[in-house]
Amino acid sequence: MSEPLEDPRPSINHSSESTLRHLAAELSTPLLVHDLAVLRRRVEDLRRVLPWDAVLLYSLKANPLPPVVGALQSAGCGSEVSSLGELAVALGTGGPSGPVLYTGPGKSSAELRAAVTAGAILSCESAVEAARVREAVRLSPADPLRIMVRVQPPSRPAAGLSMADGRQFGFLEEEAIEFCRRPGTGIEVFGFHCYLGSQLPGPDDLLAAFGHVVDVVQRITAESGVRPGVVDVGGGFPWPYAAPGEGPDLTPLMAGLPQVLAPLAAAGAEIWFESGRGLVAAAGRLLTTVRDVKHRAGATVVVVDAGVNVLGGMSGIGRVLRPSTRLRNLSNPDGASVTVDVVGPLCTPLDRLAVNSTVAEPRVGDLLCVENVGAYATTAALSAFLSRPPAVEVVVDGDQVVEAWTLASGHLPVTIPAPARAG
Ligand SMILES: *Cc1c(COP(=O)(O)O)cnc(C)c1O
């Protein structure tokens, strides 16, 4: 591989370290800090490399915190949701909202009804689901419900977390052709949705993935005669997880996308992209305090107050936290660099944030910071495990503090209906 040229992009400015220290002192740790100024900057950076008339959807799975979603909608993003909870957030921000796409396998009748009633667009995952829509929603042949057909990628993309590994998504190509020919009374196919995977390494891989989607959609539309009104070609825009740095320079997309998307443009299709982490990861930082430092058989073990109950128990949806987190010591930045294992406070040896990680010598009481955790942090963590209180998530705009939120936790009683109880 050749050495990368100097990155032309100006670096992202976060709120100052004195603001972080002040927030940690006032609100205690573990604390997540999400910066709206960084979110707006990320939308600008991603929009800059996409066609000007394309729609960019924000995938709420990455971070459904209402002010985060509201800021992205105000910056012009639509929403991609996959549960009634995410739908409620997408509709409840009060801001201007682009299209809302409701996706995911196994949608219930109640979900389908609520999504259609709210004006969300269904990404239909199967013929069984289409039948459930017909049952759950009052459809009229005169005014059919317009849906998008989700297509399962027929082969793996180059790298990243592939959706082809999950066989539960969408229609196979042949199934989609069959369904598009006869979608049934009251349903009209007006678009296609295909998501190849997350963390595609760079612009070449992204272009290959989008090209792959274009090919699949072209074959389906040619065979079925459906005109593609909208094609959601997915995303997979990469960003580091729980480690410093930025995603790769995506400027080459500007030159590459028009050519890759030309067949869809020629067919008059509107193009949608989706991104979760690419929009929100950079905006979130975790502050955690050192509770204990132990020296063990050549290793230094640093015990902090944030574990896998706070930070991505599914590691950017790589399922289990890869213990590769990198921490920065805000209290002792000039301390000697030491190699440490960093563990959380949970009573399980699996609660590891970092293994063999270097950091300026952490002392008991020091404030540490983990960068790039605006995506897949608290809501992807094992928040109920060990019944600790969830972390507070504070929203700032540069150095201005806006508001603070927290996830609820703990068990609540549920009323069992009488006949069920009688057995
Ligand atoms: C998870 C997911 C995304 C977001 O992935 P990121 O890597 O966070 O950008 C987008 N679309 C679909 C369909 C997804 O399942």
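Only Cα pairs under 8 Å and 6+ residues apart enter the sum, and on that basis the relative contact order of region 29-94 stands at 33 percent.
What is region 320-423 by shape, rounded, prolate or oblate, if you read a ≥ b ≥ c off the alpha carbon gyration tensor as root eigenvalues and call it rounded for a/c under 1.5, prolate for a/b larger than b/c, and oblate otherwise? All intermediate terms of the calculation are to be shown ahead of the outcome.
Details: a/c = 3.23, a/b = 1.85, b/c = 1.74.
Verdict is prolate for region 320-423.
Considering only Leu23, Leu353, Leu279, the Gaussian network model of the chain with Cα springs below 10 Å gives its largest mean-square fluctuation to Leu23. Close amide H contacts of Leu122 (hydrogens built in the peptide plane, cut-off under 5 Å, sequence separation of 5 or more or a different chain): Tyr102, Met148. Alpha-carbon geometry of region 98-217: the Rg and the Dmax are 14.9, 46 Å, given in that order. Relative protection proxy for 97-110, 207-220, 59-72, from highest mean packing down: 59-72, 207-220, 97-110 (other beta-carbon atoms within 10 angstrom).
Ordering Gly284, Pro51, Pro349 by Cα displacement along the dipole of the chain toward the positive end leaves Pro349 in first place; charges were set at the Cβ atoms of Lys, Arg (+1) and Asp, Glu (-1). Between Val364 and Ala267, the modelled label-to-label distance comes to 6.5 nm, taking each label 7 Å out from Cα in the direction of the beta carbon.
By definition, a body whose alpha carbon gyration tensor gives a ≥ b ≥ c is oblate when a/c is 1.5 or more and a/b is not larger than b/c, and region 350-401 fits this oblate description.
Figure the gain on full extension for Trp52 and Glu175 (residue separation times 0.36 nm, minus the Cα-Cα span) and round it to one decimal in nm.
Values: separation 123, 0.36 × 123 = 44.28 nm, distance 3.29 nm.
Residue separation times 0.36 nm, minus the Cα-Cα distance, leaves 41.0 nm.
Tell me what the chain gives for mean residue ellipticity at 222 nm when only DSSP H runs of n ≥ 4 count, each as -39,500 (n - 2.57), the sum divided by the residue total, rounded to 500 deg cm²/dmol. Mind dumping the intermediate values first?
Details: 11 runs with 117 residues, N = 423.
Taking each H run of at least 4 residues, the total per residue is -8500 deg cm²/dmol.
Apply 1/(1 + (r/R0)^6) to the Cβ-Cβ distance of Arg167 and Ser324, taking R0 = 22 Å, and write down the FRET efficiency to the nearest 0.05. Write down the numbers at each step before the final one.
Working: r = 28 Å, r/R0 = 1.29.
Plugging the Cβ-Cβ distance into 1/(1 + (r/R0)^6) gives 0.20.
Here the extension length gained between Thr406 and Arg219 equals 62.7 nm, from 0.36 nm per residue of separation less the Cα-Cα distance.
Where both partners of a DSSP beta bridge lie in region 224-318, what percent of those bridges are antiparallel, to the nearest 5?
Working: 6 of 9 bridges.
If we restrict to bridges inside region 224-318, about 65 percent are antiparallel.
For the chain, modelled as a GNM with alpha-carbon contacts under 10 angstrom, which of Gly398, Gly170, Gly278 fluctuates the most? Looking only at Gly398, Gly170, Gly278, the largest GNM fluctuation is found for Gly398. Spin-label model, Ala336 to Ala142: label points 7 Å out along the Cα-to-beta-carbon direction sit 8.3 nm apart.
Calculate the dipole size of region 188-259 relative to its Cα centre from +1 charges on Lys and Arg beta carbons and -1 charges on Asp and Glu beta carbons; express the result in debye to the nearest 20.
On the way: 2 positive and 8 negative charges, 32 e Å.
Using Cβ point charges on Lys, Arg, Asp and Glu, region 188-259 gives about 160 debye.
Evaluated at q = 0.09, 0.13 Å⁻¹, the base-10 log of the normalised Debye intensity for the chain, with identical point scatterers placed on the Cα atoms, takes the values -0.60, -1.14. Of all DSSP beta bridges confined to the chain, the antiparallel ones make up roughly 50%. The label point for Glu188 and the one for Val355, both projected 7 Å from the Cα toward the Cβ, are 5.6 nm apart. Note on the chain: with charges restricted to the Cβ of Lys and Arg (+1) and Asp and Glu (-1), its dipole about the Cα centre is near 1020 debye. Ligands, DNA and RNA are left out, and with a 1.4 angstrom probe the accessible area of the chain is 45 Å² per residue. Protein heavy-atom surface of the chain, 1.4 angstrom probe: 55% of the accessible area is carbon and sulfur, with nucleic acids and ligands not counted.
The values are calculated or read from the model by the stated rules, or taken from the named source; none is laboratory data. Owing to the predicted nature of the structure, the values given are computational and were not obtained by experimental measurement. As a convention, Cβ positions derive from the backbone with ideal geometry for all residues, glycine included, and neighbour counts pool all protein chains shown. Areas reflect the complete protein model, heavy atoms only, side chains present, ligands, DNA and RNA absent. Shrake-Rupley method; radii C 1.70, N 1.55, O 1.52, S 1.80 Å.
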